[in-house]
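The values are calculated or read from the model by the stated rules, or taken from the named source; none is laboratory data. Bear in mind that the values here come from a model prediction, so they are computed numbers and not experimental data. Because the Cβ atoms are built from the backbone with ideal geometry, glycine has one as well, and the counts that use them run over all protein chains shown.
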Amino acid sequence: MTFTPTQIRLAAWTALTVTAALLLTLLAPVLSPFVLGAVLAYAVLPLVDRGTRWGLPRWASALLALFLVALLVLAVVLLIVPVITQQIPLLREQVPALLEGANAMLVPWAQRMGVPLEIDVAMVREWLTQLVSGHGADLFEQAFASLRIGGSALLAVLGNAVLAPMVAFYLLVDWHGLSARLRRLLPPRWLAGVDGFMRETDAVLGEYLRGQMLVMLVLAVLYSAGLALVGLNLALAIGVFTGLAVFVPYIGFGVGLVLGTFAAVLEFQSWMGVLAVWAVFGVGQFLESFVLTPRLLGERIGLHPLVVIFALMAFGHLLGFIGVLIALPASAVLLVVLRLAVQRYRQSDLYTDGQSAPTQDAAP
């Protein structure tokens, strides 16, 4: 049986694709720091290139860019740690009183409804006492023991935190040389198309990063101002942290909401204050999901606001939390692929019916 050259090429590319997929599956546990390092390197590459244009050695420019990223992460940590350390010791005194007030409201209503509903305030008080004094060390020992049982997860986090910046540094130092070597591996007939695709993808992802930073800045201002208006003393720290942390969808908002709730409980000692803080976070989440992200981010990368909302829901349904995290940059890349596909389609005989292709812009 004789195979045509086209069939041989198709079989070869299929074998390469299957082999690459198998390797990625087998090596997935060790690839995460390299993927994170590559993403970090791509994000700070413009800063490194600018530093080299200013006369810095490339290794020094890469170190400086990564140092600035580390400072940003440290600033976010320093915003959240004082909030936790100041609020936890007050839980023992304030939370039981608040729960007793909730019992006073809920128990009569539950009795009328025939529902045996009552919060065990004594148990909560005992647990809080163990948390902040007395047996706190025992709790930390138990937590440490559980970490040792599931130590692989902790080691993975620490490994990513150490290895990802190292990977990013080496990639930044040799970014352009590595790109040139990979480019030489491509068949010459593909170079023009791949170069065009990479340029357009780079432009779209750059707009995504700038748009995401703008969304984070606006949300930091909105949360800080809103929490300050309701009278929360820690409005600036919690607002800035929540605005910056929304880069990680849902997780950043959730942590900010928990911190805001704790601060409201301990400061206001009433449900009205807690509800006011919840209202601020609810408005912020609504604006982020339906106004800021579609407008400031989606329009920058060429996605309609409805497409942005659909992409977040679709990727989240298919891939869970990771899907939500990569939804918009992946959609931006898919948009570039779609534009190229439409351009090829409009130049094909299927569209022109054998006639000359139209000369107007081929973008959809």
Q.
For the stretch 274-299: of the residues being small (Gly, Ala, Ser) and surrounded by fewer than 18 Cβ atoms within 10 Å (Cβ to Cβ), which is nearest to residue 253 (Cα to Cα)?
A. 282
Q) Looking at the stretch 335-344, which of the residues that are surrounded by 14 or more Cβ atoms within 10 Å (Cβ to Cβ) and of a type outside the set (D, E, K, R) is farthest from the chain's Cα centre (by Cα)? A) 343
Q.
For the stretch 229-270, which positions are in contact (Cβ under 8 Å) with a residue 12 or more places away in the chain and of a type in the set (Val, Ile, Thr)?
A. 230, 238, 240, 242, 246, 248, 251, 255, 261, 265
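For the stretch 170-225, give me each residue that is closer than 30 Å to residue 259 by Cβ and either in contact (Cβ under 8 Å) with a residue 40 or more places away in the chain or not aliphatic (A, V, I, L, M) (or both).
208, 209, 210, 211, 212, 214, 215, 218, 219, 222, 223, 224
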**Q.** Among (1) surrounded by fewer than 19 Cβ atoms within 10 Å (Cβ to Cβ); (2) assigned to a helix (DSSP H, G or I), the one test that residue 260 misses
**A.** (1)
Q: Filter the stretch 37-51 down to the residues that are in contact with a helix residue (DSSP H, G or I) (Cβ under 7 Å, 6 or more places away or on another chain) and more than 17 Å from residue 208 (Cα to Cα), then identify the one that is modelled with the lowest pLDDT.
A: 37
Q: With the checklist (1) modelled with pLDDT under 70; (2) under 27 Å from the mean Cα position of the chain (by Cα) in hand, flag the one item residue 364 doesn't pass.
A: (2)
**Q.** Complete set of residues in the stretch 267-300 that are closer than 25 Å to residue 76 by Cβ and modelled with pLDDT under 75
**A.** 297, 300
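Quick check on this structure: which one of 66, 106 is of a type outside the set (S, T, N, Q), assigned to a helix (DSSP H, G or I), modelled with pLDDT under 75 and surrounded by 14 or more Cβ atoms within 10 Å (Cβ to Cβ)?
106
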(Q) I need the full set of residues from the stretch 174-199 which are at pLDDT 80 or above and surrounded by 16 or more Cβ atoms within 10 Å (Cβ to Cβ), in order please. (A) 175
